[in-house]
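These notes are about the structure you will find just below.
The values are calculated or read from the model by the stated rules, or taken from the named source; none is laboratory data. As the structure is a prediction and not an experimental result, all values here were calculated from the model. Glycine gets a Cβ as well: all are built from the backbone with ideal geometry, and neighbour counts include every protein chain shown.
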Amino acid sequence: MNKIEVIDISLDYMDNGKRFHALDRLSFSVKEGEFVSLIGSSGCGKSTALGVLSGLNHPSEGKVLIDGHQIKSPGSDRGVVFQHYSLFPWMTARCNVILGINHAREKIPKREAESLAQEYLNKVGLEGFENKYPYQLSGGMQQRVAIARTLAMQPEILLMDEPFGAVDAKNKMVLQDLLLNLLQRDEHVKTIVFVTHDVDEGILLSDRIFFMNNKRIGQEIAVPFSRPRIRNEIFDTDEYRALRRQIMSLFYQNVANQIGGAEVYL
Ligand SMILES: Nc1ncnc2c1ncn2[C@@H]1O[C@H](COP(=O)(O)OP(=O)(O)O)[C@@H](O)[C@H]1O
Ligand SMILES: [Mg+2]
């Protein structure tokens, strides 16, 4: 059985009294244990789709099933990491993580929550920074806290919306490798839906890529590399280059359609 089934989701936003169609009969499914990425140009509906999976956005039509049951609201089975770190600025890294743990498990004893928070902060490489406030941490470190907070809630499904979109190129690579490593060993998170517009990131991390076009999935692309994955080994292969070219051509087709059918050569 599929872990997640998105069935014919349509979603309209009201903007200044006008109805705007953001998703149009979007459908896809994700198996348990899979890492899938939604890729597409800005504005194609990736965040809206992830919002529906998280239960924060309500579709006008269609439904999302998790383990066969329709979801209608957020739940502790789904952890979300956004592009902006969304930490509480008046709380230390440790308190931000504890807050997440208490939210997911209301009755957890204080001591247990504290040691769980420390365990996850260590996992993301923040040992020694527990008592720092967000303003004392770099963007990459703040995103590590946000990841620690979400993983410490021990969800089965991880939803990530361009989580490395705001960090510099080097930190982005470090965080991607950290995420691959963490997920390889995490006992709770099994299924991941990841939003990005970065083709290399999509290939490095995913088992399947859904390219979004016309407010739904335009194409599904399988990523054949085995795990654990090592960036340099993958990026050096002909298979990788072919895959990258295939996805880039989908982006260019998109651009060509928007600017009136201009031909683009790769
Ligand atoms: N709250 C909102 N109200 C009105 N329009 C919105 C709202 N959120 C997103 N949109 C519009 O819906 C479309 C899809 O947005 P979004 O899902 O954020 O795209 P993406 O994440 O792929 O960049 C965009 O055209 C965006 O402007
Ligand atoms: Mg977005």
Task: Top-ranked residue in region 188-203 [being in a strand (DSSP E or B) and farther than 19 Å from P228 by Cα; ranked as nearest to the chain's Cα centre (by Cα)] - done: V195
Task: Whichever residue in region 151-173 is more than 16 Å from ligand 1 (Cβ to nearest atom) and under 21 Å from K31 (Cα atoms) and, among such residues, is surrounded by the most Cβ atoms within 10 Å (Cβ to Cβ) - done: L158
TODO: Among the candidates G79, G75, G100, single out the residue that is assigned to a strand (DSSP E or B) and under 23 Å from V193 (Cβ atoms).
DONE: G79
Open item on the list: For region 20-35, check the following and say yes or no: at least one residue is more than 29 Å from R227 (Cα to Cα), touching a Ser or Thr at 6+ places or on another chain (Cβ under 9 Å) and at pLDDT below 95.
Closed with: yes
- [ ] Scan region 130-140 and give yes if some residue there is free of Cβ contacts under 8 Å to residues at least 24 places away in the same chain and either over 17 Å from A117 (Cβ atoms) or not hydroxyl-bearing (S, T, Y) (or both), otherwise no.
- [x] yes
Open item on the list: If I filter region 54-73 for residues that are near ligand 1 (Cβ under 9 Å from one of its atoms), modelled with pLDDT of 95 or more and in contact with a Lys or Arg (Cβ under 9 Å, 6 or more places away or on another chain), do I get at least one hit?
Closed with: no
Task: region 110-126, residues that are assigned to a helix (DSSP H, G or I) and touching a helix residue (DSSP H, G or I) at 6+ places or on another chain (Cβ under 8 Å) - done: A113, E114, L116, A117, Q118, E119, Y120, L121, K123
